[in-house]
1. Taking only the stretch 356-389 into account, find how many residues are open to solvent by less than 10 Å² (accessible area, probe 1.4 Å) and among the basic types (K, R).
2. For the stretch 11-24, enumerate the residues that are out of contact with any helix residue (DSSP H, G or I) (no Cβ under 9 Å at 6 or more places or on another chain), of a type outside the set (D, E) and either closer than 12 Å to D45 by Cα or free of Cβ contacts under 8 Å to residues at least 24 places away in the same chain (or both).
3. Tell me which residues, restricted to the stretch 65-90, are within 19 Å of K150 (Cβ to Cβ) and at pLDDT below 90.
4. Go through the stretch 6-76 and tell me which strands (runs of 3 or more DSSP E), entirely inside it, have 3 or more residues that are closer than 26 Å to A157 by Cβ.
5. From I474, I501, I515, grab the single residue that is at pLDDT below 55 and of a type in the set (V, I, T).
6. Part of a helix (DSSP H, G or I), at pLDDT below 90 and β-branched (V, I, T), is that true of V170?
7. Might you let me know whether the stretch 18-25 holds any residue that is open to solvent by 50 Å² or more (accessible area, probe 1.4 Å) and among the basic types (K, R)?
8. Do you know which residues across the stretch 67-102 are of a type in the set (G, A, S) and either under 24 Å from the mean Cα position of the chain (by Cα) or buried (at least 20 other Cβ atoms within 10 Å of the Cβ) (or both)?
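The values are calculated or read from the model by the stated rules, or taken from the named source; none is laboratory data. All of these numbers come straight from a predicted model, not from anything done at the bench. Cβ atoms come from the backbone with ideal geometry, glycine included; neighbour counts cover every protein chain shown. Side chains included, ligands, DNA and RNA excluded: accessible areas come from the protein's heavy atoms. Shrake-Rupley method; radii C 1.70, N 1.55, O 1.52, S 1.80 Å.
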Amino acid sequence: MGEFRFYYPRRALDPTLAQYAFIARRMRAPAVTETRVERCSETRDMLVLRTRSDEAGVLYVPFIDAHGCFFFASTETLSPSETPRPLYLELARGQLSRLFNKSCDWLMRGFVPSINLRVSSRNAIRRFTRLCIADKNDPNFDDRSFDFFKSLCTLSAQVNEQYLSRVLTVRGDLSSRWVTRFGFSGPVDSSWPELYDSVFVPQGGKARPKIDPIFQTLNPDFYWANIEHDDGDYNWFPFDAAMGHAESRNLSTTIGPLIRWGEMPPRFVDDRPEQEVRQYFKRYVSKLLERDGKRAKRWIVATNVESKVEGTTIETRLVLAAQLAFEIKRQHPKAQAFLGFDQPFGDSSRCIVQDMTPLELAMRVASRRVFDGFYLEVNFGLSDNATYPRDPIELHRFFDRWCALGVPICLGLSCPSAELPTHIPEESSTVVVDPNKTHPVKRGDRPSSNVNESADVLLSDSANGEDAAEPPAIWHEEMQRETMRRFITSALSHRNVDEIIFTKFADSLEYGSDILNEENDDEDEKTNPFIMKSVLAEETFLDSDRNEIIELVQKESKLGRYNPRDRNRFPTSGLFDETGAPKSTLHKLSAIRRAYID
């Protein structure tokens, strides 16, 4: 066991937020961490973190900057120690290290910050030196170190913004095309909503551009059970309708993921051997490629292959993904086959031990040249299985590492714009299942018996803070706007990022049901135990006996019928709200496109 202790001023960090702190190790992927807060005095708290290993690590702590933007700040690599360290002095050390390392990298590319920022950087070093030699028992030390860290974050943000402004300006001035497409994901089990073609008024209130100038790509959101309900009985109508709408609006299509570990296959393959299920799946993919292979140039063959799944190995999942990629390239040599990672930052390893980080797996796969690129699905949020926002400077390191693989990168994005409801929604691959269709295992549940006892202790209910109070309000529309702006602009500064897809287009869209398609109401009643009037409304049950319906839902869930594309997943992460009104994120996206792409 490794233990880390940090003291900090109580005013600086809410205890309920502090419980989200974690330790990261290789590739800065989170480790399984037990976190608690102890009270030291009237003005000081102690943050205590325990991990299953005594290796050195990096501490990540929630922080809200001067702009009201929430992200996780980090220290430099520290060894476990029972001797308490000053939290914000260590965070300042990490912030200075990232800032100056990245500034040196940018300097080699020709970027020189303004004279004011250079002077501020020199002053920051002097202030940090004085803090390092100051008396740590001084009553004012905690407040001084916290205030210095806040000013350092402001300085880093200013340097980052100046760099991005110059890089993206140069990108717009380049004679050669530096193409990045924007797209959105839409469910095929619903009618094409008018919202997709709705107009919006930018903040200036003058122009009214339609969706086409902003988005160039449609990602049809479907899965195997949407198409093949029974053995050999294919229903291509929803998929063809979505493809037809895309073609009529001059939108290209990125299809997939064809395999998303976490989805259940059609019911007709229940209780069949694994090898037989694969044969059925390959038959379905072959028919899909035969019909629509020429209509799409990019296919995402699989995602979430790096996670632990009971009953299957990572080698098995990679082989299946490689076979799909080979079949796509065989039938359509000009098509691209992408391999997806649902947690590219490795945040899922905070809840369950992983064999390797996503980046480590991608590095091994890239050398084989089986896949043409990688699809990185980033779902920001505060649930245990979602991606945590990172420091703006660290985002560049994230993209630098992935782009160093030398292949195109496609991003899938989702970000909540309001506080999550009491029932915290789960992202697409929160529930993972094995090919044998055994009981689903949620990330964050106790690991299987192959994880040692020390990890099991850390993952107990008490360790995860089951009785902890709800965190303070964090997610709101301005937070969504700023988080997505920072992430998108950082992505656009890298050539390898050639596509950005919003996986949740609007809060008002119903995922996982045919509620928008009146022709399929009867079928919907057979498959969905209940329907919600809207994503934020109370449940309206089709059966008058509420308890009976709840028991049915629980029974279906135990049988593995959980739909990972359920509309409750990030119910407030869309670009439009429930009324169809555009959010500030959409305005910002439009501005980014006009400024740096058009």
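1. The total comes to 0.
2. Those that are out of contact with any helix residue (DSSP H, G or I) (no Cβ under 9 Å at 6 or more places or on another chain), of a type outside the set (D, E) and either closer than 12 Å to D45 by Cα or free of Cβ contacts under 8 Å to residues at least 24 places away in the same chain (or both): P15, A18.
3. Within the stretch 65-90, D65, A66, H67, G68, C69, F70 meet the criteria.
4. Numbers: elements: 22-24, 33-39, 44-51, 58-64, 70-74.
Counting at least 3 such residues, we get 22-24, 58-64, 70-74.
5. Only one candidate passes the filter, namely I515.
6. Here the answer is yes, as V170 does meet what is asked.
7. For the stretch 18-25, residues open to solvent by 50 Å² or more (accessible area, probe 1.4 Å) and among the basic types (K, R): absent.
8. Step one: of the stretch 67-102, the residues of a type in the set (G, A, S) are 68, 73-74, 79, 81, 92, 94, 97.
G68, A73, S74, A92, G94, listed by residue number.
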